[in-house]
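The values are calculated or read from the model by the stated rules, or taken from the named source; none is laboratory data. The shown structure was predicted, so the numbers you read here are calculated from the model rather than taken from an experiment. We place every Cβ from the backbone using ideal geometry, glycine too, and count neighbours over all the protein chains shown. Just the protein is used for accessible areas: all its heavy atoms, side chains included, with ligands, DNA and RNA removed. Shrake-Rupley method; radii C 1.70, N 1.55, O 1.52, S 1.80 Å.
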Amino acid sequence: MLSTFVITLREGVEAALVVGIVLAYLNKANRSYLNPWVYAGIAAGILASVAIGTIFIGTLSSLDTTNQLYLKPLLEAIFGLIAIALLSWMLIWMTRQAKSLKGEVEHELDRAIQTNAAWGIFGIIFFAVLREGFETVVFIAAQFQQGGSPVIGAIGGLCGATIIGILLFKLGIKINLKQFFQVMGIFLLLIVSGLVIGVLAHLNKSLVLNPNFPCNQDSCILGGLIWDTSQVLPQKQFPGVILHTLFGYVDRFYWAEAIAYFTFLATVGTLYLRSLTEPKQAVPLESP
């Protein structure tokens, strides 16, 4: 629940920024009559994200009734890989683009108003919400073994993002978004690093359950056991569950998981820190 809350809150605030910029631009351009298309884009993006999530989770649920028990952990590993790729790309790309986000959104709005204003604005909002929603949905699908708690975390994160959007664009309250995204970025980096361990665990479980794979032990691809703290600090009980969520802690830690975790953390972490110090990119201007 906590990890999904953090991710949904960050993704939701990104979408809320785009929505707020669009509404402010339309108001400044005396085109507030197009606001319903903004709200329609929000609703459509959320509904599309929920539909995709229902398909993903429904597919995982249907595998519980099959005799091929290895398929579900294999699919969870695949969803996990997709979530790692999307969230890592979003973390680095959004950090780079944040410096010029307002100019880029207004540039797209200019082009939309010059052509088909209503549908153009609807498309900008719809794809902004859908992009953030799809990344969250894939993460929830990868965490499906935790039951319904990720869904509760996602709802909480969405509500939190909505409140932040209202504070920024309706009430005019100043929030240091740069610090907010930097803190959320660190949490997201650690959460996704923990997801790397989960992907290896799912893949290993799939191989153990696969009758066609020659493996009769608990660890097929994970190597030797580094520690077993399941009796002292179990990862599914407090405070282990907090460490598991924020830092990827597991009570049974193997060598392959350790190598993958620290390699990913060092590689993506370095790229993220570099993106924080890159200069602002200029938005290309078109001739009138």
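Restricted to region 229-274, and to residues that are in a loop (DSSP other than H, G, I, E, B) and aromatic (Phe, Trp, Tyr), which residue is least open to solvent (accessible area, probe 1.4 Å)?
249
Could you grab me the full set of residues in region 34-89 that are among the acidic types (Asp, Glu) and open to solvent by 50 Å² or more (accessible area, probe 1.4 Å)?
Result: 64, single match.
Regarding residue 183, is this residue aliphatic (A, V, I, L, M), within 20 Å of residue 132 (Cα to Cα) and part of a helix (DSSP H, G or I)?
Judged against the criteria, residue 183 is a match.
When you look at residue 238, is it out of contact with any Ser or Thr (no Cβ under 8 Å at 6 or more places or on another chain) and over 30 Å from residue 89 (Cβ atoms), yes or no?
It is true that residue 238 is out of contact with any Ser or Thr (no Cβ under 8 Å at 6 or more places or on another chain) and over 30 Å from residue 89 (Cβ atoms).
What is the residue count in region 212-223 for residues that are open to solvent by 30 Å² or more (accessible area, probe 1.4 Å) and more than 29 Å from the chain's Cα centre (by Cα)?
Of the residues in that region, 8 qualify.
What's the number of the only condition in (1) part of a loop (DSSP other than H, G, I, E, B); (2) at pLDDT 85 or above that residue 285 fails to meet?
(2)
How many of the residues making up region 155-211 are open to solvent by less than 20 Å² (accessible area, probe 1.4 Å), farther than 19 Å from residue 87 by Cα and in contact with an Asp or Glu (Cβ under 9 Å, 6 or more places away or on another chain)?
Counting residues in region 155-211 that are open to solvent by less than 20 Å² (accessible area, probe 1.4 Å), farther than 19 Å from residue 87 by Cα and in contact with an Asp or Glu (Cβ under 9 Å, 6 or more places away or on another chain) gives 2.
Select from region 19-33 the residues that are open to solvent by 10 Å² or more (accessible area, probe 1.4 Å) and either part of a helix (DSSP H, G or I) or touching a Ser or Thr at 6+ places or on another chain (Cβ under 7 Å) (or both) and list them in ascending order.
19, 21, 23, 24, 25, 27, 28, 32, 33
Any residue in region 174-196 that is within 18 Å of residue 267 (Cβ to Cβ) sitting within a Cβ distance under 7 Å of a residue that is of a type in the set (Ser, Thr, Tyr) and at pLDDT 80 or above? List the pairs, counting only those 6 or more apart or interchain.
From residues that are within 18 Å of residue 267 (Cβ to Cβ), the pairs are 185/272; 189/272; 192/88; 193/261; 196/261.
Is it the case that residue 133 is more than 21 Å from residue 267 (Cβ to Cβ), open to solvent by less than 20 Å² (accessible area, probe 1.4 Å), in a helix (DSSP H, G or I) and at pLDDT 75 or above?
Spelling it out, residue 133 is indeed more than 21 Å from residue 267 (Cβ to Cβ), open to solvent by less than 20 Å² (accessible area, probe 1.4 Å), in a helix (DSSP H, G or I) and at pLDDT 75 or above.
So the check is Cβ under 7 Å with 6+ separation or different chains; which pairs have a first residue in region 222-246 that's hydroxyl-bearing (Ser, Thr, Tyr) and a second one that's assigned to a loop (DSSP other than H, G, I, E, B) and surrounded by 13 or more Cβ atoms within 10 Å (Cβ to Cβ)?
229/251; 230/251
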